[in-house]
């Protein structure tokens, strides 16, 4: 038996839960950086390793090695009697779940081998954020209720992943606007993904806006701004490194939207610039003013007139 889950904390909890089999981490911030459909595991690993190492100042060889351990488990998964996927309801987990289901299918893992423990709430945790809040005993109690996805559910997951990776986001946005019988948390997760496109009017992603809003509301450090950003998320998914990276991008823009003072990390002092205040007020457009160079799903955002924007209700051409 083989288990995949969303991070090192849950890996350790599952290892202490007394369940049979080995536990492997599958935790890649797929809401950031390049994604592509149909790549081999080797090509995918190189694509993501280079982004993660460059974007988060990590050693490239160590990053490759971390991903290789996950990929080796995927390649060997067809020999397992069961492959159990433990994930949550938020954007980070739902994208990892889609990618992993697609990768397992390509590795020859049959539908009957895959089992799911995917939750968005727990009766003993009133403010549920994720599996990491549960005890080993609580995780073990979820195991007997694991379910096998139907062929139709697997087809939907693979189609949804291909749409996330497409250069045109409209098919994925249409899926975000519809309900799903098989994957009840997927539409909300996809909606949150496309809210990372530059907004009409401000040119900010939702994460960028929430960070600036938190600072405007009194957050004095990066750590406080991160807490304020998380408080604005019904399904919390964003890690602190990803948030700091987004804020550093706003501070390093040709016309900075905020100032970040040493030391680095959560204790860094932050304040809005006049351009930051103007962007929040809607009198300046960050994307038009500073340009943008990043990816959301398969969409490449480049230059001062990004091809796609979020208008508060859906995706519009830039």
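The values are calculated or read from the model by the stated rules, or taken from the named source; none is laboratory data. Quantities reported herein were computed from a predicted structural model and do not represent experimental measurements. As a convention, Cβ positions derive from the backbone with ideal geometry for all residues, glycine included, and neighbour counts pool all protein chains shown.
Since residue 191 meets every condition but one in (1) farther than 20 Å from residue 36 by Cβ; (2) assigned to a loop (DSSP other than H, G, I, E, B); (3) touching a helix residue (DSSP H, G or I) at 6+ places or on another chain (Cβ under 8 Å); (4) not assigned by TED's automatic domain parsing to the domain that holds residue 300, which condition does it not meet? Only one criterion is unmet by residue 191, namely (2). On inspection, residue 51 does not qualify as buried (at least 20 other Cβ atoms within 10 Å of the Cβ) and either closer than 16 Å to residue 184 by Cα or out of contact with any strand residue (DSSP E or B) (no Cβ under 8 Å at 6 or more places or on another chain) (or both). Might you check whether a residue that is in contact with a strand residue (DSSP E or B) (Cβ under 7 Å, 6 or more places away or on another chain) and closer than 18 Å to residue 130 by Cα occurs anywhere in region 31-44? No - not one qualifying residue is present in region 31-44. Considering each residue of region 18-32 in turn, at least one proves to be part of a loop (DSSP other than H, G, I, E, B) and without any contact (Cβ under 8 Å) to a residue 24 or more places away in the chain.
Scanning region 211-230 for residues that are part of a helix (DSSP H, G or I) and touching a strand residue (DSSP E or B) at 6+ places or on another chain (Cβ under 7 Å) yields a count of 5.
The single condition among (1) surrounded by fewer than 19 Cβ atoms within 10 Å (Cβ to Cβ); (2) in contact with a helix residue (DSSP H, G or I) (Cβ under 9 Å, 6 or more places away or on another chain); (3) within 29 Å of residue 105 (Cβ to Cβ); (4) not assigned by TED's automatic domain parsing to the domain that holds residue 38 that residue 140 does not meet is (4).
Residue 265 - would you say it is more than 25 Å from residue 291 (Cβ to Cβ) and surrounded by 18 or more Cβ atoms within 10 Å (Cβ to Cβ)?
no
Between 287, 264, the distinction of being part of a loop (DSSP other than H, G, I, E, B) and out of contact with any helix residue (DSSP H, G or I) (no Cβ under 8 Å at 6 or more places or on another chain) belongs to 264 only.
Scanning region 267-278 for residues that are assigned to a strand (DSSP E or B) and under 26 Å from the mean Cα position of the chain (by Cα) yields one hit, 270. The set of residues in region 33-55 being touching a residue at least 60 places away in the same chain (Cβ under 8 Å) and in a helix (DSSP H, G or I) consists of 41, 55.
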